[in-house]
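What follows is a short report on a single structure.
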Amino acid sequence: MKLRYDRDEDILLIELVSQGLIDHADQSGPIISHFATDGSLVLLEILDASRFLTSALQVAMRGNGEPVAVPVAS
């Protein structure tokens, strides 16, 4: 897995499969999921990453200290 961040565009890229060729993509909110022809997830692209991660951390830190699951599109 590789992580890359484009500060100018505020986009976080999470490359899950280094050799996978992207066939198509689906967007759900700020998350774009890129898939190979066999349907396997190759790359996640998070738009407005700083805002998304801030919100995710706030949700995770909320409550009685127990971890809280943050839903993400697949």
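A short reminder: the numbers here are calculations on the coordinates, not readings from a lab. Computed from a prediction, not measured in an experiment: that's the story for all the values here.
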Express in nm, to one decimal, how much length is gained between residue 38 and residue 6 on full extension, taking 0.36 nm for each residue of separation and deducting their alpha carbon distance.
8.7 nm
Counting only C-alpha contacts under 8 Å and six or more residues apart, can you give the relative contact order of segment 2-61 as a whole percent?
30
